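Q: Dumping the structure here so I can ask a few things about it.
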Amino acid sequence: MEIKTVKHKIINPHKTKSVRELGKVDITALKERVLKLPMNTWEVENQGKPNKFREFHSTKHIIFKFVRSFDDCRTSYDLPAWKDWKDMLQPIIDKAVEEYQYRDGIFSRIMLARLEAESQINIHKDGNRAATFPHKIHIPLQTNPSCTFFVNPKRYHFKEGKVYEVNNLARHQVDNAGTEARIHLIFEYFSESVLNQALNDSFSQV
């Protein structure tokens, strides 16, 4: 793929406007493994994470794949944890995105996110250009009835094992009022050909 400098946000015409349910996946083994992780593992992985945004003051992350630049989703790199988790995660995320029917889909970011009990993710939009085009997808691994996801500003309760695309360009926030942590598998996904077409259309209008 030819890399052209992207100086503005490229909008994906296929992104959801709010929340889109994509079906259900089997998280049984993944949930069991994640819940066995000692807190020290979360803390160590969280210290070196590249997404240190103020909205995530109560959220710990384990990053598997991340973009090389916040300005461009087209080039990503694997973090050390991906080697140990790939065999378990890849079939799950592949199944989760089947509805898109992309033949050239790319996962630009993959991570686990742990929002502690009685904590919040402050209202925000994913403002960096690398987050603009890909679909932002959540799979809850552990949640509780008192955990609410707000999108512009409708309330949602995401259920374990279900797959949800979230409009990350809309104002969104999370309130975990429960007594246990909320843990999601989160990833970003896009079609290379759809992005290339959007880029070509954008540059032709400049």
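Q: From the set of residues in segment 158-184 that are among the small types (Gly, Ala, Ser) and at pLDDT 95 or above, which is nearest to Lys60 (Cα to Cα)? Spell out the reasoning first.
A: In the first step, residues of segment 158-184 are kept if they are among the small types (Gly, Ala, Ser); the result is 161, 170, 177-178, 181.
From what is left, the residues that are at pLDDT 95 or above are 161, 177-178, 181.
Values: Gly161: 20, Ala177: 17, Gly178: 17, Ala181: 10 Å.
Taking the candidates together, the pick is Ala181.
Q: I need the strands (runs of 3 or more DSSP E) fully contained in segment 90-169, keeping only those with at least 1 residues that are within 16 Å of Val19 (Cα to Cα) and either aromatic (Phe, Trp, Tyr) or touching a residue at least 40 places away in the same chain (Cβ under 8 Å) (or both).
A: Qualifying strands (runs of 3 or more DSSP E): 119-124, 135-142, 147-151, 154-156, 162-166.
Q: Might you let me know whether segment 107-124 holds any residue that is β-branched (Val, Ile, Thr), over 23 Å from Lys15 (Cα atoms), modelled with pLDDT under 95 and surrounded by 14 or more Cβ atoms within 10 Å (Cβ to Cβ)? Show your work before the answer.
A: Of the residues in segment 107-124, the ones β-branched (Val, Ile, Thr) are 110, 121, 123.
Then drop every residue that is not over 23 Å from Lys15 (Cα atoms), which leaves none.
Within segment 107-124 (the criterion being β-branched (Val, Ile, Thr), over 23 Å from Lys15 (Cα atoms), modelled with pLDDT under 95 and surrounded by 14 or more Cβ atoms within 10 Å (Cβ to Cβ)), the answer is no, since none of the residues qualifies.
Q: Taking only pairs six or more apart or across chains, which ones have beta-carbon atoms under 8 Å, a first residue in segment 23-34 that is under 15 Å from Asp87 (Cα atoms) and in contact (Cβ under 8 Å) with a residue 12 or more places away in the chain, and a second residue that is assigned to a loop (DSSP other than H, G, I, E, B) and of a type in the set (Asp, Glu)?
A: Pairs found: Ile27/Glu160; Lys31/Glu160.
Q: Do we have Tyr77 as exposed (fewer than 13 other Cβ atoms within 10 Å of the Cβ) and touching a strand residue (DSSP E or B) at 6+ places or on another chain (Cβ under 9 Å) here? Full working, then the answer.
A: On the way: exposed (fewer than 13 other Cβ atoms within 10 Å of the Cβ): yes; touching a strand residue (DSSP E or B) at 6+ places or on another chain (Cβ under 9 Å): yes.
For Tyr77, the condition - exposed (fewer than 13 other Cβ atoms within 10 Å of the Cβ) and touching a strand residue (DSSP E or B) at 6+ places or on another chain (Cβ under 9 Å) - is met.
Q: Applying the selection to segment 104-118, what residues are in contact with an Asp or Glu (Cβ under 9 Å, 6 or more places away or on another chain) and more than 17 Å from Lys49 (Cβ to Cβ)?
A: Asp104, Gly105, Ile106, Phe107, Ala117
Q: A further question on this structure: Find the residue count for segment 52-74, including only residues that are under 16 Å from the mean Cα position of the chain (by Cα) and surrounded by 17 or more Cβ atoms within 10 Å (Cβ to Cβ).
A: 14
Q: Does Val194 qualify as being in contact (Cβ under 8 Å) with a residue 60 or more places away in the chain, buried (at least 21 other Cβ atoms within 10 Å of the Cβ), more than 19 Å from Glu55 (Cβ to Cβ) and β-branched (Val, Ile, Thr)?
A: no
Q: Still on this structure, please answer the following. Regarding segment 151-158, can at least one residue be identified that is of a type in the set (Lys, Arg) and surrounded by 17 or more Cβ atoms within 10 Å (Cβ to Cβ)?
A: No; the residues of segment 151-158 include none that is of a type in the set (Lys, Arg) and surrounded by 17 or more Cβ atoms within 10 Å (Cβ to Cβ).
Q: So, Phe66, is that one within 14 Å of Ile186 (Cα to Cα) and aromatic (Phe, Trp, Tyr) or not?
A: In short, yes.
Q: For segment 49-71, indicate whether the set of residues that are assigned to a strand (DSSP E or B) and touching a Cys at 6+ places or on another chain (Cβ under 8 Å) is non-empty.
A: Scanning segment 49-71 turns up at least one residue that is assigned to a strand (DSSP E or B) and touching a Cys at 6+ places or on another chain (Cβ under 8 Å).
Q: Related question: In this structure, does Tyr77 turn out to be touching a residue at least 40 places away in the same chain (Cβ under 8 Å), hydroxyl-bearing (Ser, Thr, Tyr) and over 21 Å from Gly161 (Cα atoms)?
A: no
Q: Shifting gears a bit: With the checklist (1) within 26 Å of Asn128 (Cβ to Cβ); (2) within 16 Å of the chain's Cα centre (by Cα) in hand, flag the one item Gly48 doesn't pass.
A: (2)
Q: Something else: Against the conditions (1) on the phi > 0 side of the Ramachandran plot; (2) under 14 Å from the mean Cα position of the chain (by Cα), where does Arg114 fall short? Just the number, please.
A: Condition (1) is where Arg114 drops out.
The values are calculated or read from the model by the stated rules, or taken from the named source; none is laboratory data. The model shown is predicted, which means the values in this text are computed figures rather than measured ones. Here the Cβ is made from the backbone with ideal geometry for all residues, glycine too, and neighbour counts use every protein chain on show.
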